[in-house]
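Enquirer: Sharing a structure below in structure tokens format, with a few things to ask.
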């Protein structure tokens with residue numbers, strides 16, 4: 001083998017090894033950090049899996065903030081509200097400042113875990129645009145609404 | 001009815017003419033260069049200037065529509081309001097989809113005209129091809145504008161009142177963030193067009209490559225500024241006190257940045273030593289493709305993001321098809337023509353500067369691939385029916401740290417090693433004492449930090465190592481007899497020092513950040529480290545187009561009043577949208593940050609207070625990096641004419 005070929009072989013081997021290590025690491029880190037989105041119905045009916053309903057898995061809860069469900073004890077940071085997907089309602093508790101666009105009858109995505117029948121949220125997602133509904137929530141809500149023959153909420157509207 | 005009424009139609013016409021001119025600019029010069037027909041190649045320059053004039057006219061007319069409040073334009077009515085202050089009427093032009101695309105097209109026309117103006121030293125076929133490829137990109141964007149996102153669409157009858165500009169965008173940071181970002185994105189079209197031209201020509205000429213390098217540096221500098229501005233804006237405007245969220249839209253701008261940083265380095269190696277020619281072309285294609293992908297991700301609304309704006313899926317499809325044509329086409333061309341591009345590369349030893357640059361490129365592109373994977377994984381999973389998922393910031397943060405640690409560790413060696421030859425002894429001798437000093441500083445930081453020891457220690461260690469190592473290079477360069485410090489070296493030194501400054505900011509604020517979120521009554525004090533925040537209540541004030549609850553918070557340090565902050569909660573008149581305006585006491589050693597939450601009843605309010613040590617260093621570091629890019633671009637070597645370099 002001439003020196004140029006040998007050098008090139010080494011280079012290719014080094015790049016391949018680095019790529020393999022990087023891919024493995026990336027795949028492992030990715031697996032550990034994904035959070036699935038479920039609607040209240042999927043959580044309560046057990047479709048989301050036992051890990052979700054038992055509180056072991058961290059997941060994202062998506063749906064609408066149910067009308068008249070928002071409560072906060074005077075002077076307390078603890079907020080209670082319910083998330084609704086048309087089929088089922090799940091109570092949520094969140095301690096902290098809610099995003100500016102948080103309102104009843106608006107789409108919401110909260111990250112957290114189940115604890116004794118209540119979803120304990122670590123964070124509640126805000127949106128830059130008041131007419132925006134996350135596509136994934138719209139998709140899932142769309143499924144619930146089609147079933148009940150209700151018009152799906154508009155996912156679009158600002159322009 | 002005044003003749004002014006017809007202005008938008010003229011704007012529309014200008015856009016259509018611009019599309020025609022861009023088509024000519026794409027077709028004729030490319031054909032001319034392929035067949036060697038000089039008159040066809042000569043079309044390129046005038047077409048570039050004419051296209052700029054037409055797009056600028058359209059942009060000026062849309063701006064006039066905003067300033068004059070022409071609510072018969074659907075876009076103006078949707079994104080402006082009679083109460084909107086005049087400054088924001090100008091910036092509202094790029095406040096939503098149609099206008100931001102028009103800005104994209106305008107900046108592309110600007111870059112194209114600049115290339116036409118400053119390419120006199122290049123052979124005509126190369127100029128014709130570069131401008132032709134930029135013309136193809138312009139055709140794609142102008143067609144996108146005209147057919148799916150016309151900013152001049154009429155609303156009949158005209159609206160009596162506009163819907164208002166999204167309040168989040170009514171902010172000074174937002175005025176310059178998109179133009180800077182787009183200057184970066186679109187600037188990468190120059191090295192991209194050059195790469196395509198080289199592939200068409202079938203060879204890489206060192207002189208043309210030298211000519212492209214300043215463009216890459218300037219584009220990367222602007223992109224750095226744009227990203228830094230976005231981060232700064234998110235920090236003070238979103239009210240969460242965070243400066244980077246690994247959000248899909250942020251990632252979309254970060255990927256071309258990483259590819260661009262890799263490109264800067266490989267271009268230098270290719271120009272000076274002829275190494276990595278094919279790789280440099282591939283990176284140039286990647287940087288611009290990722291810019292297009294970023295535009296697609298932001299504009300199509302396919303990803304759930306804190307930045308997501310309502311968007312139309314058919315537009316996404318158009319960009320996706322365009323993206324497929326541009327990326328697929330250029331990769332195909334690369335596959336067909338690239339193999340002979342590396343023919344004149346010189347061999348190099350294991351510990352040479354080439355090897356270090358190769359490692360730099362490997363780490364930066366892997367980081368880029370990692371971000372790409374994390375950003376697109378939710379889309380992929382959704383398409384494969386694996387469920388609706390999101391990838392958490394810990395994934396990005398961990399992977400990025402792992403990939404950047406070796407980059408930071410190797411960085412000071414880069415400038416001190418030699419091209420081609422193996423000589424580790426001399427750089428090791430020069431850097432050893434500084435490595436020791438950096439280690440001591442890191443240990444001291446570990447022992448002194450009240451919390452977050454590891455992050456603080458790593459931050460100080462990395463920053464000292466990069467900072468000392470870079471200054472060591474500067475010193476040895478200045479001492480060398482008869483050697484001068486070129487602008488290129490100065491730019492590199494500035495950018496590398498920027499990394500050191502950035503490391504201090506990014507890791508120390510992560511390690512030492514203190515935060516409390518709680519309910520307070522007027523007169524109550526919140527303790528946070530050596531600081532105390534006294535809440536003095538909330539009063540109502542009025543702005544031009546909003547009503548605000550304005551809080552008063554006294555910041556005390558060691559018992560003395562240091563400053564008074566006024567965080568606000570604004571309710572905008574037009575849409576009723578509520579916005580948080582945080583109160584920040586900036587400082588080089590740290591910010592005191594207060595954001596007002598909602599009223600909790602009984603006179604108490606939710607309050608979020610932060611102490612953010614060294615947070616300004618993040619943006620100062622980014623500024624240094626951008627400055628480094630700009631200074632490098634002014635190097636005299638890049639301006640040398642054909643005769644001198646021959």
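All of the numbers you see were taken from the coordinates with simple rules; none came from a lab. Please read all numbers here as calculations on a predicted model, not as lab measurements. Counting neighbours? That spans all protein chains shown, and the Cβs are built from the backbone with ideal geometry, glycine included.
Enquirer: Taking the Cβ-Cβ separation of residue B:331 and residue B:86 as r and a Förster radius of 45 Å, what is the calculated FRET efficiency to the nearest 0.05? Can you show the working numbers first?
Expert: On the way: r = 47 Å, r/R0 = 1.03.
The value I calculate is 0.45.
Enquirer: Using just the Cα positions, wrap the range B:1-48 in a convex hull and report its mean projected area in square nanometres, one decimal place.
Expert: So the mean shadow area of the Cα hull is 3.6 nm².
Enquirer: What order, most packed first, do the peptides A:8-17, A:99-108 have when packing is the mean number of other Cβ atoms within 10 Å of each residue?
Expert: Details: A:8-17: 11.3, A:99-108: 18.5.
Ranking the peptides A:8-17, A:99-108 by packing returns A:99-108, A:8-17.
Enquirer: Now a separate question. Does chain B come out rounded, prolate or oblate by the C-alpha gyration tensor, with a ≥ b ≥ c the root eigenvalues, rounded set by a/c under 1.5 and, if not, prolate when a/b is larger than b/c and oblate if not? Don't skip to the answer; put the middle values down first.
Expert: Details: a/c = 2.07, a/b = 1.09, b/c = 1.89.
Note, shape of chain B comes out oblate.
Enquirer: Going by average Cβ neighbours within 10 Å, how do the peptides B:469-480, A:44-55, B:281-292, B:392-403 rank, with the highest at the top? Don't skip to the end; give the middle numbers.
Expert: Values: B:469-480: 16.3, A:44-55: 14.7, B:281-292: 26.7, B:392-403: 18.2.
Going by the mean number of other Cβ atoms within 10 Å, highest first, we get B:281-292, B:392-403, B:469-480, A:44-55.
Enquirer: Further question on the same structure: Based on the mean of other beta carbon atoms within 10 Å per residue, what is the order of B:55-67, B:565-577, B:175-187, most packed first?
Expert: Details: B:55-67: 21.5, B:565-577: 18.8, B:175-187: 23.5.
Peptide ranking by packing, descending: B:175-187, B:55-67, B:565-577.
Enquirer: While we're on this one: Kirkwood hydrodynamic radius (Cα pairs, Å) of the range B:1-165? Numbers along the way, then the final one.
Expert: Values: mean 1/r = 0.0607 Å⁻¹.
After inverting the mean inverse Cα-Cα distance, the result is 16.5 Å.
Enquirer: Between residue A:4 and residue B:143, what's the calculated FRET efficiency when r is the beta-carbon distance and R0 is 41 Å? Round to 0.05.
Expert: 0.30
Enquirer: Can you work out the FRET efficiency for the pair residue B:634 and residue B:410, with r the C-beta to C-beta distance and R0 = 25 Å, to the nearest 0.05?
Expert: On the way: r = 27 Å, r/R0 = 1.09.
Taking R0 as 25 Å, the efficiency between residue B:634 and residue B:410 is 0.40.
Enquirer: Using helices alone, what [θ] at 222 nm do you get for chain B, with -39,500 (n - 2.57) per DSSP H run of 4 or more residues, divided over all residues and rounded to the nearest 500?
Expert: -21500 deg cm²/dmol
Enquirer: Report the gain in length on full extension from residue B:432 to residue B:530: 0.36 nm times residue separation, minus Cα-Cα distance, nm rounded to one decimal. Write down the numbers at each step before the final one.
Expert: Numbers: separation 98, 0.36 × 98 = 35.28 nm, distance 3.78 nm.
Result: 31.5 nm gained on full extension.
Enquirer: How well do other chains shield peptide B:242-249, expressed as the mean number of their Cβ atoms within 10 Å of each residue Cβ?
Expert: Numbers: counts 0, 0, 0, 0, 0, 0, 0, 1.
Across the residues of B:242-249, the mean count of other-chain Cβ atoms within 10 Å is 0.
Enquirer: Also, quick follow-up: Going by the alpha-carbon gyration tensor, a ≥ b ≥ c the square roots of its eigenvalues, is the protein assembly as shown rounded (a/c under 1.5) or, if a/c is not under 1.5, prolate (a/b greater than b/c) versus oblate? Could the numbers behind the result be given before it?
Expert: On the way: a/c = 1.66, a/b = 1.24, b/c = 1.34.
Oblate.
Enquirer: Related question: At 7 Å along the Cα-to-beta-carbon direction for both residue A:78 and residue B:321, put a label point, then send me their distance in nm to one decimal.
Expert: Spacing of the two 7 Å Cα→Cβ label points: 5.6 nm.
Enquirer: Additional query: Could I have the simple spin-label model distance between residue B:397 and residue B:425, label points 7 Å from Cα toward Cβ, reported in nm to one decimal?
Expert: For residue B:397 paired with residue B:425, the spin-label model returns 4.6 nm.
Enquirer: Largest first, please: the extent of the C-alpha atoms of the range B:514-616 along each principal axis, to the nearest Å.
Expert: 42, 32, 19
Enquirer: Something else now. For the range B:136-263, what does the alpha-carbon gyration tensor say about shape, rounded, prolate or oblate, given a ≥ b ≥ c as the root eigenvalues, a/c under 1.5 as rounded, and a/b over b/c as prolate? Write down the numbers at each step before the final one.
Expert: Working: a/c = 3.09, a/b = 1.41, b/c = 2.20.
Oblate is the answer for the range B:136-263, as a/c is 1.5 or above yet b/c matches or exceeds a/b.
Enquirer: While we're here: Across peptide B:389-402, how many C-beta atoms of other chains are within 10 Å of each residue C-beta, on average?
Expert: Numbers: counts 9, 12, 5, 9, 1, 3, 8, 3, 2, 5, 7, 0, 0, 4.
Mean partner-chain Cβ count within 10 Å for B:389-402: 5.
Enquirer: Here is a follow-up. Other chains near A:68-81: what is the mean number of their Cβ atoms within 10 Å of each residue's Cβ? Intermediate results must be reported in sequence, preceding the final value.
Expert: Details: counts 0, 0, 0, 0, 6, 4, 7, 10, 6, 8, 2, 3, 0, 0.
Neighbouring Cβ atoms belonging to other protein chains average 3 per residue here.
Enquirer: While we're looking at this one, here's another question. Under 13 Å from the 7 Å Cα→Cβ point of residue A:120, by amide nitrogen: which residues of the range A:81-113?
Expert: A:93-95, A:112-113
Enquirer: Taking the Cβ of each residue in A:65, B:371 as the centre, tally the other Cβ atoms inside 10 Å and list the residues starting with the fewest. Walk me through the numbers on the way to the answer.
Expert: Details: A:65 22, B:371 25.
Ordered from fewest to most neighbouring Cβ atoms within 10 Å, A:65, B:371 come out as A:65, B:371.
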